[in-house]
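The values are calculated or read from the model by the stated rules, or taken from the named source; none is laboratory data. Source: prediction; values computed, not measured. Here the Cβ positions follow ideal geometry from the backbone for every residue, glycine too, while neighbour counts run over all protein chains shown. To get the accessible areas, we keep the full protein, side chains included, count just its heavy atoms, and leave off ligands, DNA and RNA. Shrake-Rupley method; radii C 1.70, N 1.55, O 1.52, S 1.80 Å.
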Amino acid sequence: MTQKEEYIEVAVLLPVYNTYTYRIPERLISIVSPGMRVLVPFGKRRVTGYILGKSSKPKKFKTKLIFDILDDIPLFPEPMIQFFKWISDYYIHPIGDVIKTALPSGLDQHDVSMLSITTKGKNQFTKKKLSPGESEIIDILNNHNGQISLKVLVKKSQNPSINNLIRKMEKADLLSRTYKLAKDKTKLKKEKFILFSDSPSKKIILSKKRKEILSIVKKEKEISLTKLKQQVPTAPNLIKPLNEAGYLQIIEKQVFQDPFGDVIDPDTPPHLTKEQDHVVNLVSNKMENGFQRYLLSGVTGSGKTEVYLRLVAKALEINKTALVLVPEISLISQTERRFRARFGNKIAVLHSALSNSERLDQWRHIMQNKASVVIGARSALFAPLQNLGIIIVDEEHDTSYKQESGLRYNARDLSVVRAQMNDIPVILGSATPSIQSYHNVRTNKFEELKLENRVNKHPLPKITLVDLKKHKDFTGFQRLISPMLSKAISECLIRGEQALIFLNRRGFSTFPVCESCGEAVKCKFCELTMTFHKGLNEYRCHLCGFSYSTRIKCPDCGSSKIKPLGFGTEKIETMLLTLFPDARIARIDQDTTRKKGQLVSLLKKIKNRTVDIIVGTQMLAKGHDFPFITLVGIICADLSLNFPDFRSSERTFQLLAQVAGRAGRGKQKGKVIMQTYNSDHFAIQASKNQDFVEFYQSEIPFRKALLYPPFAKIIQLKISGTNASKVQNHALMLGQILKSMLENDNNLKNTVQILGPIEAGIPKIATRFRWQILIKGINISTLNKLVRNLISQKQVKSEKHVSTTIDVDPYSML
C-alpha cells in the first residue's frame with residue numbers, strides 16, 4: 001500500500017526570512033490545520049513553527065517529517081496568514097517572529113532539554129569508575145528521580161565547566177538527552193461565585209453567621225466570594241458546609257472587572273448632532289460596499305467616540321465584528337467603559353498591561369467568537385477577529401502606534417492594510433491628523449469626514465500666548481509660572497473647577513551641573529544628562545534607568561557642588577504646593593504611575609473631583625474627557641520644537657492642540673494659557689488658532705522640498721554595539737556598500753538617496769554606541785529590495801559584535 005504524502009509550509013520561530021516545507025506523518029494528516037503550531041527538526045535542533053498552509057513536494061531536496069502538532073485548534077484564523085506574510089515582507093522581518101509578536105505570550109511553548117542516566121552511567125557510578133565531576137552530576141540526577149532539565153542541572157552544579165562535561169558524558173553514553181515541551185505557566189483568571197439553592201439535600205445547624213450568608217446570597221441571587229467576604233469576612237470557611245448540604249451552589253467563572261472598579265450601567269444613546277448624523281449615515285450606507293478609507297477630523301470634544309459607537313453598532317447589526325484601537329493604555333479604560341455600557345459583554349480588551357493569563361483569556365474569548373468588539377492599544381491590531389466589519393483607529397496621529405523594538409510596525413498603517421485585505425472600511429480619527437493622513441485626503445486616497453463643532457455647542461477654549469522672553473528678568477516662581485497663569489489658577493480654584501498644568505518633562509531638575517567646572521552630570525552608560533528626582537533623592541538616567549546618589553561628586557573635577565538647573569513636573573508640583581497650599585494637587589507622569597493600578601487610581605480621583613490641580617506630561621494630553629477641567633496651563637510650549645527630527649514641528653503642534661482640547665469639555669467654558677519662547681513659530685501660532693489646515697499648509701512645503709514623508713519613503717538602519725570603533729567601521733562599511741550599489745545601478749542612483757552613515761542623535765544608550773543610515777526614495781519596493789540585497793552580503797553578516805536593525809517608516813530619528 002502506497003503511503004499518502006502531504007506537505008505543509010511552516011514559519012519557524014528563528015531569525016530567518018524564509019518559510020520551509022515539511023512532510024506530515026500519515027497519522028497527523030487528518031488533524032493538521034493552518035494556524036496550528038508544530039514541532040519540527042531544524043538542523044540539529046527541534047524548534048516550534050507555525051503552519052501557514054499546504055505545500056507541494058520540493059524537487060531539489062528531501063523534506064523532513066514534523067515531530068508533532070502542538071495545538072488542538074488553530075491559534076489564529078487562516079485569513080490572517082496573508083496579513084502576517086505582508087508584514088514580514090514590508091518590514092523585512094522574520095515571519096516566525098511576526099507571528100510570535102502577534103500571539104499572547106501565554107501561548108508560547110518551548111523545547112526543554114531533559115537529561116537522564118543511562119544504564120551504563122548507573123553501572124559506572126555503582127562501580128565508582130566516574131570522575132568527581134561526573135559523580136556530582138549523577139548524584140544530582142539521582143536526587144531528581146534520574147531525570148532533570150539541563151537548565152536546573154546547570155544551576156545546581158558548582159562546576160563552571162559543566163556544559164562541556166555534560167557533552168562528554170553524552171558521547172560516553174553515561175547520559176542521554178531527550179526533549180520535553182513545556183508551556184508557559186499561564187492560567188485563566190477565575191473567581192468563585194455563590195448561588196442560592198431552594199432545595200438542600202440535608203439539614204445542618206445554621207449558626208447566626210450561616211443564616212446571614214444565606215440571607216445575603218438569597219437577596220443577591222448570585223454574588224462573588226470577594227464581595228461576600230466584604231460583608232462576612234469568615235465566609236470562605238462557612239460556605240463549604242452550606243455547599244455540601246445543598247443550601248448554596250459554588251461555581252467558578254471568569255471575571256470582567258472594570259478598571260475603575262465601578263459597576264457599568266447600560267447607557268442610552270444620545271441624540272446625534274447634524275454633523276455626527278451625517279458622518280454615521282455616510283459610512284453606514286457604504287459599510288457593505290467593500291474597502292473604504294476615511295479620515296475623521298473633528299475638533300476636540302466634537303463627539304468622535306459616539307460616532308465610533310454608532311458605526312460599531314451598525315457592524316454588529318449586519319453580523320460583523322469590529323476592531324477599535326486607541327493609542328494609550330490609560331485611554332482604554334475610558335473607551336472600554338463607554339463601549340461596555342453600550343454593548344455589554346460583547347467587548348474584549350487587548351493590551352500589554354494585562355497579565356499573561358488575562359491576555360490569553362481575552363485571546364481565546366475572541367477566537368471562540370464570544371466577543372464581537374475588540375478594544376485595545378497597538379498590539380490589539382492582531383486580534384483574531386473573524387468576519388470583520390470595520391476597523392477604527394482613534395487619535396491616529398499618535399506616535400504610540402509605532403512599535404520601537406522587535407518588529408517595528410505601525411499599527412495605524414497596518415490597520416489600513418488589514419482593512420483592505422478584509423475588504424471593509426477603516427476610519428482614522430483625530431482632532432490633529434498626521435501630515436501623512438491629511439496628505440492622503442488631499443491626494444484623494446482617503447475621504448475626509450468632518451466634525452467642526454463641539455457636542456455641547458460651546459466654543460473651543462480661548463488660547464492666550466505668554467511670551468516668556470518678556471519674563472527673563474523675573475525671579476523665583478514667576479520665571480516658570482507667569483503672573484497671568486498664577487492668577488488664572490487662583491480664579492479657577494475659587495470657582496471650584498479643575499486646572500491641568502502641562503509640562504512634557506518629568507523630574508525635578510533636568511540639567512544638574514557642577515558649579516566648579518561647569519560640566520553636566522551625565523549617565524556613565526549613555527550620552528545623556530541625568531535628571532534629579534527630588535522624591536527619590538537621586539539623579540536618574542531616563543534612557544537606561546541608571547541612578548546616582550545625591551551625594552555624588554562631579555565625575556570631572558571631584559567637586560561636591562552640583563547645582564540642579566532645569567525643571568520638570570516634580571518642580572512645578574512643588575511650586576504649586578507653595579503657591580496654593582490649600583489646593584489638592586496630583587502629578588501624573590511615568591514616575592507616579594509605574595505600579596499597576598496607580599494611573600487608574602489617579603484618573604479616578606480627577607473624575608470624582610477629589611483633585612483640584614493636575615500636573616501632567618503627555619500622558620494626559622490624549623483623549624481624556626474630564627468635564628470639570630476648565631483651565632489648561634502649558635508651562636513651556638517649545639520643548640519639542642528643536643529636536644533633530646523632521647517631525648518635530650508636527651509633534652509640537654499636535655501635542656499643544658491636544659492638551660489645549662482638555663479644557664472646557666463640560667458646561668463651563670475653557671481657557672488655555674500657553675507660555676512660549678517662540679510665539680512667532682508657525683506651529684505655535686497654528687496651535688493657538690487650533691487650525692490644523694493652517695499648520696499643514698505651513699509645514700508641507702518643507703517636507704516636499706527636502707523629500708521627506710509623505711513625499712518619500714524612508715528605511716533607517718540602526719547600527720549598535722559595545723565597541724565604538726567596531727560600530728563605526730561597520731556603519732561606514734554598510735554606507736560604502738550601499739553607495740556602491742547605487743553607483744552600479746542608474747535607476748537606483750536617480751531614485752534613492754543615502755544619508756549617512758552618521759552618529760545617532762543620542763550616540764550611546766545603555767553602553768551601546770549608535771550610528772544610523774537613512775535610505776530615502778519614492779518607491780518602497782525599490783528601497784526594500786536594496787536593503788534585502790544589503791543584508792544578504794557576506795561581509796555584512798560577518799561582524800558578530802555589531803547589530804543592524806531595520807526600521808521601515810521610522811518615527812524616532814534619535
>> Sequence gap at least 6, Cα distance under 8 Å: using those rules, report the relative contact order of the stretch 583-701 to the nearest whole percent.
In response: 24
>> Sorting check: for 584-592, 225-233, which peptide has the highest mean count of neighbouring beta carbons within 10 Å, and how do the rest follow?
In response: 584-592, 225-233
> Among rounded, prolate and oblate, which fits the stretch 381-530 when a ≥ b ≥ c are the square roots of the eigenvalues of its C-alpha gyration tensor, a/c under 1.5 means rounded, and a/b larger than b/c means prolate?
Replying inline: oblate
>> Compute the distance from the alpha-carbon center of the stretch 494-533 to that of the stretch 272-328, in whole Å.
In response: 42
> What number comes out for the charge environment of Lys240, summing +1 per Lys or Arg and -1 per Asp or Glu over other residues with Cβ under 15 Å away?
Replying inline: +3
> For the chain, what is the charge dipole size about the Cα centre, in debye to the nearest 20, if Lys and Arg each add +1 at the Cβ and Asp and Glu each add -1 at the Cβ?
Replying inline: 2440
>> Explain nothing, just the number: dipole magnitude of the stretch 634-728 about its Cα centre with +1 on each Lys and Arg Cβ and -1 on each Asp and Glu Cβ, in debye rounded to the nearest 20.
In response: 400
> To the nearest 0.05, what FRET efficiency results for Lys221 and Asn369 with a Förster distance of 30 Å applied to their C-beta separation?
Replying inline: 0.60
> Taking the Cα centre of the stretch 52-95 as the origin and placing charges on Cβ (Lys, Arg +1; Asp, Glu -1), which of Ile66, Ser56, Ile87 is farthest toward the positive end of the dipole?
Replying inline: Ser56
> If the cut-off is 16 Å between C-alpha atoms, which lysines fall inside it for Lys739, apart from same-chain ones fewer than 8 positions away?
Replying inline: Lys749, Lys776, Lys785
> What ranking do 796-807, 267-278 get when scored by the average of other Cβ atoms within 10 Å per residue, highest first?
Replying inline: 796-807, 267-278
> Local charge sum around Gln675 (other residues, Cβ-Cβ under 13 Å, Lys/Arg +1, Asp/Glu -1)?
Replying inline: +3
>> If I take R0 = 22 Å and measure r between the Cβ atoms of Lys59 and Lys4 in this structure, what FRET efficiency does the formula 1/(1 + (r/R0)^6) give, to the nearest 0.05?
In response: 0.70
>> Counting only protein heavy atoms and a 1.4 Å probe, tell me what percentage of the stretch 569-608's accessible area is made up of carbon and sulfur.
In response: 50
>> If I take R0 = 51 Å and measure r between the Cβ atoms of Ile318 and Gln793 in this structure, what FRET efficiency does the formula 1/(1 + (r/R0)^6) give, to the nearest 0.05?
In response: 0.50
>> Can you find, among Val373, Ala315, Leu354, the residue sitting farthest towards the positive end of the charge dipole of the stretch 303-376, where Lys and Arg contribute +1 and Asp and Glu -1 at Cβ?
In response: Ala315
> Which of the residue pairs Lys571/Lys688; Lys534/Lys571; Lys120/Lys151 have a Cα-Cα distance greater than 18 Å in the structure shown?
Replying inline: Lys571/Lys688; Lys120/Lys151
> What Cys residues in the chain are without a partner cysteine, judged by a Cβ distance under 4.7 Å?
Replying inline: Cys492, Cys544, Cys636
> Counting Lys and Arg as +1 and Asp and Glu as -1, what is the net charge of the other residues whose Cβ lies under 13 Å from the Cβ of Lys534?
Replying inline: 0
> Can you give the extra length, in nm with one decimal, that the chain gains between Thr767 and Lys274 once fully stretched, where that is 0.36 nm per residue apart less the Cα-Cα distance?
Replying inline: 171.8 nm
> Label points 7 Å out from Cα along the Cβ direction at Gln478 and Asn243: separation in nm?
Replying inline: 7.0
> Of Lys62/Lys726; Lys286/Lys402; Lys59/Lys85; Lys60/Lys713; Lys59/Lys794, which sit over 31 Å apart, Cα to Cα?
Replying inline: Lys62/Lys726; Lys60/Lys713
> With +1 on each Lys and Arg Cβ and -1 on each Asp and Glu Cβ, how big is the dipole of the stretch 191-259 about its Cα centre, in debye rounded to the nearest 20?
Replying inline: 380
>> Once you place label points 7 Å from the Cα toward the Cβ at Ser176 and Ile250, how far apart are they in nm?
In response: 4.5
> How would you classify the stretch 338-456 from its alpha-carbon gyration tensor, with a ≥ b ≥ c the square roots of the eigenvalues: rounded for a/c under 1.5, else prolate if a/b is greater than b/c, otherwise oblate?
Replying inline: prolate
>> Cross-link candidates for Lys203: which lysines have Cα within less than 19 Å, leaving aside residues fewer than 8 places away along the same chain?
In response: Lys211, Lys218, Lys240
> Using the Cα gyration tensor of the stretch 750-810, with a ≥ b ≥ c the square roots of its eigenvalues, what is the shape: rounded (a/c below 1.5), prolate (a/b larger than b/c) or oblate (neither)?
Replying inline: oblate
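Computed over the Cα atoms of the stretch 489-564, what is the convex hull's projected area averaged over all directions, in nm²?
6.5
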> Can you tell which of Ile501, Ser486, Ile552 lies farthest toward the positive end of the dipole of the stretch 479-595, using +1 and -1 charges on the Cβ of basic and acidic side chains (Lys, Arg; Asp, Glu)?
Replying inline: Ile552
> Running Debye on the stretch 1-85 with equal point scatterers at the Cα sites and no solvent, what base-10 log of I(q)/I(0) appears at q = 0.12, 0.13, 0.22, 0.25 Å⁻¹?
Replying inline: -0.32, -0.38, -1.11, -1.41
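Where does each of 352-362, 692-702, 630-640 land if you order them by average Cβ count within 10 Å, highest first?
In descending order of packing, they fall as 630-640, 352-362, 692-702.
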> According to a simple spin-label model (label point 7 Å from Cα along Cα-to-Cβ), what is the distance in nm between Phe702 and Glu515?
Replying inline: 4.0
>> Out of the trypsin sites (Lys or Arg not before Pro) in the stretch 277-320, which ones are loop residues according to DSSP with at most 11 other C-beta atoms within 10 Å?
In response: none
> What is the stretch 304-463's relative contact order, in percent, from Cα pairs under 8 angstrom and six or more apart in sequence?
Replying inline: 23
> Which aspartates and glutamates does Lys667 reach when only Cα atoms under 15 Å apart count, and residues fewer than 8 places away in its own chain are ignored?
Replying inline: Glu497, Asp625
> What number, in percent, do you get for the relative contact order of the chain if the mean sequence gap of Cα pairs under 8 Å and at least 6 apart is divided by its residue count?
Replying inline: 9
>> Translational diffusion coefficient of the chain at 25 °C, 0.890 mPa s, Stokes-Einstein with Kirkwood Rh over Cα pairs, in µm²/s as a whole number.
In response: 80
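Please compute the length gained on full extension between Leu206 and Lys470, using 0.36 nm multiplied by the number of residues separating them and subtracting their Cα-Cα distance.
Roughly 87.1 nm would be gained on extension.
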